[in-house]
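The values are calculated or read from the model by the stated rules, or taken from the named source; none is laboratory data. Everything quoted here is computed from the prediction, not taken from an experiment. Cβ sites come from the backbone with ideal geometry, for glycine too, and all protein chains shown count toward neighbours.
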Amino acid sequence: MKSRTVWLLAAVAFAAACGGSDTAAPTQTAPAVSSTANADGGTTGGKTGGTTTATAAALTGTIGSLTGACPALSFKLEGRVITTDAATSFADVKCADLKDGTRVGVRGEARSDGSILAKIVKPVLPPPALPPPPVVTEGTVSGLSGACPAITFTVAGKTFTTDAQTRFGDGGCAAVKNDAKAVVYSQATPSGGVKVLAVKVIPPPPPPPVVTEGTVSGLSGACPAITFTVAGKAFTTDVQTRFGDGGCAAVKNNAKVVVYSQATPTGGVKVLAVKVIPPPPPPPALAGEVTAVAGACPAITITVNGKTAVTSATTVFTGKACGDVKVGAKVAIYGTIATGATSVTATQVVLR
């Protein structure tokens with residue numbers, strides 16, 4: 001009896017799979033099995049008396065243990081059995097191209113035994129390889145040939161050829177010349193060649209400033225653009241020239257100056273700065289030891305070396321105060337002697 005029941009169940013299942021038969025099906029109906037998804041993606045079968053419930057499943061991994069013949073394959077992904085059939089769709093890959101080690105993604109239905117009947121199989125492509133990092137080569141250009149932008153040259157013993165895609169620094173391709181210092185950024189190509197990504201010419205350091213000292217002559221022009229001669233050299237200033245105390249207006253004929261200049265790439269001279277040297281102070285009218293003092297500060301009469309000097313409220317005392325002017329003090333007195341006068345009108349008294 002048990003064998004007959006099994007046979008009837010098999011007959012009903014076959015008829016359902018084939019969409020019916022010209023032969024009437026037995027009246028006994030096989031109970032359907034429902035599937036409930038487990039947390040691990042498997043299913044637990046159970047008799048519910050209804051139709052079979054399919055659970056969607058998806059998995060990505062590397063094919064292993066591949067068996068069968070297309071379209072009916074069986075393989076493992078992440079330890080789980082995957083099966084295919086005539087209804088399985090192979091996207092971006094042929095069924096016959098699948099093999100152990102192929103990385104694929106599978107979408108299908110989970111079965112009660114934990115396997116997945118694949119509806120779609122699609123290869124998982126590896127990410128594109130990153131380009132190699134650029135190689136930086138620095139040195140002096142030599143052996144230059146060609147015409148911009150396609151030039152060939154050597155730097156640090158390596159030969160480089162640029163093209164329309166090569167980027168150039170300030171001055172562009174034309175700045176690349178023999179004996180120029182340059183930094184080349186290149187990259188190896190898949191074919192084993194070298195692709196020049198960029199070339200940057202390193203400008204030479206500016207020459208040190210030339211210092212010229214002497215007396216101004218032949219002054220012409222208007223500040224800040226003036227032209228003059230110092231020590232036989234002609235100089236022309238501009239808005240970028242720096243001037244010392246007194247500014248540009250302090251530069252006059254017969255003034256002593258220091259000129260800081262620099263040669264330009266075109267062969268000219270760039271005036272960086274001009275500093276006027278102030279004339280030395282005039283010598284004191286009287287200097288020495290005080291031999292006599294008369295009067296009261298600030299109006300006193302001072303005798304030095306037999307000559308006298310008269311101070312007033314406008315006289316400046318430096319080093320010490322007016323009250324410190326005494327016999328024996330060392331002084332330097334600056335001032336003027338009026339025509340016909342015998343005494344110095346003191347403007348400054350320096351006490352030591």
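Annotation: of all residues in region 277-318 being exposed (fewer than 15 other Cβ atoms within 10 Å of the Cβ) and touching a Leu at 6+ places or on another chain (Cβ under 9 Å), the one that is nearest to residue 338 (Cα to Cα) is 305. Would you check if there is a residue in region 265-276 being at pLDDT 95 or above and surrounded by fewer than 14 Cβ atoms within 10 Å (Cβ to Cβ)? For region 265-276, residues at pLDDT 95 or above and surrounded by fewer than 14 Cβ atoms within 10 Å (Cβ to Cβ): absent. Cβ separations smaller than 9 Å between residues 6+ apart or across chains give the following pairs from region 240-253 residues that are charged (D, E, K, R) to residues that are at pLDDT 95 or above and assigned to a loop (DSSP other than H, G, I, E, B): 252/216. Looking at the structure I just gave you, is residue 182 under 24 Å from residue 265 (Cα atoms), in contact (Cβ under 8 Å) with a residue 24 or more places away in the chain and hydrophobic (A, V, I, L, M, F, W, C)? Judged against the criteria, residue 182 is a match. Could you please let me know if residue 122 is within 27 Å of the chain's Cα centre (by Cα) and of a type in the set (Lys, Arg)? No. Name the residues in region 198-221 that are surrounded by fewer than 15 Cβ atoms within 10 Å (Cβ to Cβ), outside any loop (DSSP other than H, G, I, E, B) and within 20 Å of the chain's Cα centre (by Cα), would you? 202 - this is the single residue of region 198-221 that is surrounded by fewer than 15 Cβ atoms within 10 Å (Cβ to Cβ), outside any loop (DSSP other than H, G, I, E, B) and within 20 Å of the chain's Cα centre (by Cα). Taken over region 300-352, the criterion of being within 14 Å of residue 284 (Cα to Cα), among the charged types (D, E, K, R) and not in a loop (DSSP other than H, G, I, E, B) is satisfied by 307, 330. Identify all residues within region 292-336 that are under 16 Å from residue 352 (Cβ atoms), touching a residue at least 24 places away in the same chain (Cβ under 8 Å) and among the polar types (S, T, N, Q); write none if there are none. Of everything in region 292-336, just one residue is under 16 Å from residue 352 (Cβ atoms), touching a residue at least 24 places away in the same chain (Cβ under 8 Å) and among the polar types (S, T, N, Q), namely 318. Filtering region 112-139 to residues that are surrounded by 14 or more Cβ atoms within 10 Å (Cβ to Cβ), in contact (Cβ under 8 Å) with a residue 40 or more places away in the chain and not hydrophobic (A, V, I, L, M, F, W, C) leaves 112, 114, 134, 137, 139.
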